[in-house]
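A.B. asks: To start, I am sharing the structure in question, which I have written as structure tokens.
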Amino acid sequence: MIRRPVVAGTFYPGISETLKNQVLIFLHNAEVPDNYENALGIISPHAGYVYSGQCAAYGFNALKKKEFDLAVIIAPCHRFGSFRYSVGKFKEYITPLGHIPVDMELVEELLKRDDFDFHPGAHNSEHSLEVQLPFLQMINPDAAILPILLGDQTSENSKILAEVLTDMFKDKLDRTVFIISSDLSHYYDSEKALTMDTLLSENVEKKNIKKLEKNFKSRKVEACGFGGILTLLHLAKKLGYDKTENLKYTHSGEISGDNSQVVGYLSSVIYK
């Protein structure tokens, strides 16, 4: 079982050298401090690179400060929602930059748990996890991944996932990072988007889980990967990671020039 790219050539360049050069430029233009060697994970956008690639580079440069062997990638499923957790049971993922091994022992361990399944169709058509991979390959080409798609994104499912991952990784945190794939508000004018996304960003930085849950429910904030965001915040609380920094915010209107309907993008890092 090999997961081949489905958005290479659309969301990001399909030619290896072009993709490599684009990501290198993004990383070069995303300067971050050096104090993230104890990073737990990042929130990273997943739109086309022309819109969100530069924003994503900030989070990956933060992860680059840490030596790690495994990236647990938690991404939303945009087309299927009739499951809780779908674990990518693939031997490897492929991008134009090469092959990325999947830690099959961890995949099998997760699949033994209740509500953790493998839905191939959900993975084969989903971009939100795939677009994180070229950045990961550029900062750590030897890292393996544990790919998880969230279907039914609820507060309860995020809490359960955090409990499971805490149990699995509490003794492996020095060599593990978590990558949460999410865009923010969708298709509001830039002024409203900024208001909504600022509220979300502030509560992420304060790690205010209850406030975020309330705001998600009342639609004061939006994030297509809010389940993953809540999961990371629960992990931080359980595992003692007490620092959060929002590294970069932007929206699609800043690239396209059309501010009537924009999508928001955020890069954040949690560390200690």
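The values are calculated or read from the model by the stated rules, or taken from the named source; none is laboratory data. None of the values given here were measured: they were computed from a predicted structure. Glycine also receives a Cβ, built like all others from the backbone with ideal geometry; neighbour counts cover every protein chain displayed.
A.B. asks: Say whether the condition of being farther than 13 Å from Thr250 by Cα, of a type in the set (Gly, Ala, Ser), surrounded by 24 or more Cβ atoms within 10 Å (Cβ to Cβ) and in contact with a Leu (Cβ under 7 Å, 6 or more places away or on another chain) is met by at least one residue in region 61-72.
C.D. replies: yes
A.B. asks: Is it the case that region 220-240 has a residue that's closer than 17 Å to Lys159 by Cβ, without any contact (Cβ under 8 Å) to a residue 12 or more places away in the chain and surrounded by 15 or more Cβ atoms within 10 Å (Cβ to Cβ)?
C.D. replies: no
A.B. asks: Oh, and also: Within region 50-65, identify whether any single residue is over 17 Å from the mean Cα position of the chain (by Cα) and in a helix (DSSP H, G or I), and answer yes or no.
C.D. replies: yes
A.B. asks: So, Lys89, is that one closer than 15 Å to Leu149 by Cα, surrounded by fewer than 20 Cβ atoms within 10 Å (Cβ to Cβ) and either touching a helix residue (DSSP H, G or I) at 6+ places or on another chain (Cβ under 6 Å) or without any contact (Cβ under 8 Å) to a residue 24 or more places away in the chain (or both) or not?
C.D. replies: In short, yes.
A.B. asks: Go over the candidates Leu133, Leu184 one by one and state the one that is buried (at least 22 other Cβ atoms within 10 Å of the Cβ), assigned to a loop (DSSP other than H, G, I, E, B), in contact with a Pro (Cβ under 9 Å, 6 or more places away or on another chain) and touching a residue at least 12 places away in the same chain (Cβ under 8 Å). First the steps, then the outcome.
C.D. replies: Numbers: Leu133 fails: assigned to a loop (DSSP other than H, G, I, E, B).
The unique qualifying residue is Leu184.
A.B. asks: Another question about this same structure. How many residues are within 16 Å of Ile180 (Cβ to Cβ) and surrounded by fewer than 22 Cβ atoms within 10 Å (Cβ to Cβ) if we restrict to region 100-130?
C.D. replies: 1
A.B. asks: For residues in region 197-219 being out of contact with any strand residue (DSSP E or B) (no Cβ under 7 Å at 6 or more places or on another chain) and aliphatic (A, V, I, L, M), which is surrounded by the fewest Cβ atoms within 10 Å (Cβ to Cβ)?
C.D. replies: Step by step, filter region 197-219, then rank; the result is Leu199.
A.B. asks: How many residues are acidic (Asp, Glu) and out of contact with any strand residue (DSSP E or B) (no Cβ under 7 Å at 6 or more places or on another chain) if we restrict to region 126-143?
C.D. replies: Counting residues in region 126-143 that are acidic (Asp, Glu) and out of contact with any strand residue (DSSP E or B) (no Cβ under 7 Å at 6 or more places or on another chain) gives 2.
A.B. asks: Can you say whether Lys238 is modelled with pLDDT of 95 or more and assigned to a helix (DSSP H, G or I), as far as the supplied structure shows?
C.D. replies: For Lys238, the condition - modelled with pLDDT of 95 or more and assigned to a helix (DSSP H, G or I) - is met.
A.B. asks: Run down Asn35, Asn61 and say which single residue is touching a Phe, Trp or Tyr at 6+ places or on another chain (Cβ under 8 Å) and touching a residue at least 24 places away in the same chain (Cβ under 8 Å). So that I can check it myself, show each step before the final result.
C.D. replies: Details: Asn61 fails: touching a Phe, Trp or Tyr at 6+ places or on another chain (Cβ under 8 Å).
Checking each option against the conditions leaves just Asn35.
A.B. asks: Turning to a different aspect of this structure: Being farther than 23 Å from Pro134 by Cα and either in contact (Cβ under 8 Å) with a residue 40 or more places away in the chain or within 16 Å of the chain's Cα centre (by Cα) (or both) narrows it down to one of Leu247, Leu212, Leu194, Leu199, so name that one.
C.D. replies: Numbers: Leu247 fails: farther than 23 Å from Pro134 by Cα; Leu212 fails: either in contact (Cβ under 8 Å) with a residue 40 or more places away in the chain or within 16 Å of the chain's Cα centre (by Cα) (or both); Leu199 fails: either in contact (Cβ under 8 Å) with a residue 40 or more places away in the chain or within 16 Å of the chain's Cα centre (by Cα) (or both).
Only one candidate passes the filter, namely Leu194.
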